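Quick notes on the structure that follows.
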Amino acid sequence: MADEIILLDFWPSMFGMRVRVALAEKGLKYEYRQEDLRNKSPLLLEMNPVHKKIPVLIHNGKPICESLIIVQYIDEVWKDKSPLLPSDPYQRAQARFWADYVDKKLYELGGKIWSTKGEEQETGKKEFIECLKLLEGELGEKPYFGGEKIGFVDVALVTFSCWFYAYETFGNFSIEAECPKLIAWTKRCMEKESVSSSLEDPHKVHGFIMGMRKRFGIE
Amino acid sequence: MAEELKLFRTWSSVFALRIVWALKIKGVEYETIFEDLSNKSPSLLQYNPVHKKVPVLVHNGKPIAESLVILEYIDETWRETPLLPEDPYERAMARFWAKFGDDKVLTSIVWGVFFKEGKEQEEAMLEAMEHLQFLEDELKGKRFFGGERIGFVDLALGWLANMISIFEEVAGLKMVDEDKFPLLAAWMQEFADSPIIKDNWPPRDKMIAKFQALRDAKLAAAASK
């Protein structure tokens, strides 16, 4: 019986993009459904009644929510192709730790950069860069966080990179100047079809955030 | 080679308790190092430089931080008496509820209800009730969140079984009403009384004193703004 896979997503979401990368890495066919977050579909509300958020993966009718949980699920079900988590328990724990770190820090700090001004924005920028530097240190001399191939942490983090142009523009700073190795890593990831076909155009993302800034009266 | 296992914890941290329970369930021996978070040891700072928090598990010199990450590590390293289910979908559900517990239940109860008063507290209470209802529904037909025996989600939510009554006493209000949440109240009792769990709660009088002081400080800080 063929698998039926549906992804409920909203195109600018770096969380939805993580799932797209994982599905592409595993070579899986799926139906992509765009949600209008100001007018959520009955399916979304039925499949994610707790959070009412995207992304939601629906596999043979059963929903899985929360992007990192979805990515682990995909990795465990389609385990024979392109494993994203390492097999060693200690390495797996390290991968989970750093993916959790990305989740705890980057979205909120990035949000401060595009949605605030003055001192709050400056603090957001400073802390954002500190986080990226820490991640850069964790990458070290490896081509990917996963080692020789992209792994769980790469998938968790790389989707933020298409938001970098927007952060840099609204925050008036250069991420490449502060974290050149990390930017080199994003470029290396983008050479992979699974990543380049899943990430959105940074200028489109910038336009989307510009629209949000206008709506919230920040512009 | 003998295993060297150390757990860095505090006397009161419910996150660290998750690790104590898991290691007990697995029957694994370990050394406990109690930390004073106002005076963190060089070892803690070396083993958890990113967050500088407890718990940290150090296995043969290699540190693992973040309690839910540590639980999965323990489950994968000591395979008897599994905490997570075998089936990938059930595993995803377990991870979901554990995360929900930390992100929503704990946040709304501690930061919303317990550390606030007046209108802010009332609003937070409504939100907390919604979250608790999801847990109540999840328990239908089950003795524990893990099914017939304690599992990953029970350990993740286990703090409720002890902390709710402490919060209720200190803040002077009811949070988990047995009439509204019969299954959750029954689970809290059954979990708290379980052989592995009941001997490990921190001393209640110390917890009451600690959380009374924390609440007073938070309310005073808010009032002075």
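The values are calculated or read from the model by the stated rules, or taken from the named source; none is laboratory data. As the structure is a prediction and not an experimental result, all values here were calculated from the model. Every residue, glycine among them, receives a Cβ derived from its backbone with ideal geometry; neighbour counts consider all protein chains shown. Side chains are part of the model used for accessible areas, which takes the heavy atoms of the whole protein and leaves out ligands, DNA and RNA. Shrake-Rupley method; radii C 1.70, N 1.55, O 1.52, S 1.80 Å.
Contact residues in segment A:54-87 by the 10 Å² criterion (accessible area, 1.4 Å probe, full protein complex versus chain alone): A:62, A:63, A:64, A:65, A:66, A:69, A:72, A:73, A:76, A:77. In the full protein context, chain A carries 46 Å² of accessible surface per residue, based on a 1.4 Å probe and ignoring ligands, DNA and RNA. Pairs A:62/A:142; A:52/B:53; A:53/B:52; A:52/B:119; A:81/A:112; A:126/A:214: which exceed 28 Å Cα-Cα? Among A:62/A:142; A:52/B:53; A:53/B:52; A:52/B:119; A:81/A:112; A:126/A:214, the Cα-Cα distance tops 28 Å for A:62/A:142; A:52/B:53; A:53/B:52; A:81/A:112. For segment A:5-77, the alpha carbon convex hull comes to 80 Å³ per residue, rounded to a whole number. Placing unit charges on the Cβ atoms of the charged side chains and taking the dipole of segment B:5-77 about its Cα centre, the candidate lying farthest along the positive direction among B:22, B:56, B:41 is B:41.
Roll a 1.4 Å probe over the protein chains and send me the accessible area per residue for segment B:1-93 in Å². Accessible area per residue: 46 Å².
Once C-alpha pairs closer than 8 Å and six or more residues apart are averaged by separation and normalised to the residue number of segment A:89-216, the relative contact order reads 26 percent.
Ligands, DNA and RNA left out, the accessible area of segment B:88-223 computed with a 1.4 Å probe is 54% carbon and sulfur. Listed values for segment A:76-86 are Karplus-derived 3J(HN,Hα) couplings in whole Hz (6.51 cos²θ - 1.76 cosθ + 1.60, θ = phi - 60°), namely 7, 6, 9, 7, 8, 10, 6, x, 9, 9, x, and x replaces Gly and Pro.
Other protein chain C-beta atoms within 10 Å of residue C-beta, averaged over A:90-102: 5.
Rounded if a/c is under 1.5, else prolate if a/b beats b/c, else oblate: with a ≥ b ≥ c from the C-alpha gyration tensor eigenvalues square-rooted, which is segment A:32-146? Since a/c reaches 1.5 but b/c is at least a/b, the shape of segment A:32-146 is classed as oblate.
Here the convex hull built on the C-alpha positions of segment B:95-169 has a volume of 80 cubic angstrom per residue.
At the nearest 100 Å², what buried accessible area, both sides summed, do you get for A and B when the probe is 1.4 Å?
2400
With contributions of -39500 (n - 2.57) from each DSSP H run of at least four residues, the per-residue ellipticity at 222 nm computed over chain B stands at -16500 deg cm²/dmol.
Counted over chain B, the DSSP beta bridges are approximately 70% antiparallel.
Computed 3J(HN,Hα) for segment A:174-182, one whole-Hz value per residue from the Karplus formula 6.51 cos²θ - 1.76 cosθ + 1.60 where θ = phi - 60°, is 10, 5, 5, 5, 7, 9, x, 5, 5, glycine and proline marked x.
Each Lys or Arg adds one and each Asp or Glu takes one away; over the other residues whose Cβ falls under 12 Å from the Cβ of residue B:200, this sums to +3.
With all protein chains in place and a 1.4 Å probe, the accessible surface of segment B:5-77 carries 50 percent carbon and sulfur. Taking only the C-alpha atoms of the protein assembly as shown, the Rg (one decimal) and the largest Cα-Cα distance, Dmax (whole number), read 22.3, 64 Å. With a cut-off of 20 Å, note down the residues of segment A:141-177 whose backbone N falls inside the zone around a label point 7 Å from the Cα of residue A:219 toward its beta carbon. Under 20 Å, as judged by backbone N against the label point of residue A:219, lie A:163-173 of segment A:141-177. Mean partner shielding of peptide B:80-89, defined as the number of other chain Cβ atoms within 10 Å of each residue Cβ, is 2.
The heavy atoms of residue A:148 offer some 150 square angstrom of accessible surface to a 1.4 angstrom probe. Placing a pseudo-label 7 Å from each Cα along the Cα-to-Cβ vector at residue B:89 and residue B:190 gives an inter-label distance of 2.4 nm. What a 1.4 Å probe finds exposed on segment A:89-216 is 50% carbon and sulfur by accessible area, rounded to a whole percent.
Antiparallel beta bridges, as assigned by DSSP with both residues in segment A:5-77, represent about 65 percent of the total such bridges.
What translational diffusion coefficient, to the nearest whole µm²/s, does segment B:5-77 have by Stokes-Einstein, given a Kirkwood radius computed over alpha-carbon pairs, a temperature of 4 °C and 1.567 mPa s viscosity?
The calculation lands on 108 µm²/s.
For segment B:88-223, the direction-averaged projected area of the alpha-carbon convex hull comes to 8.4 nm².
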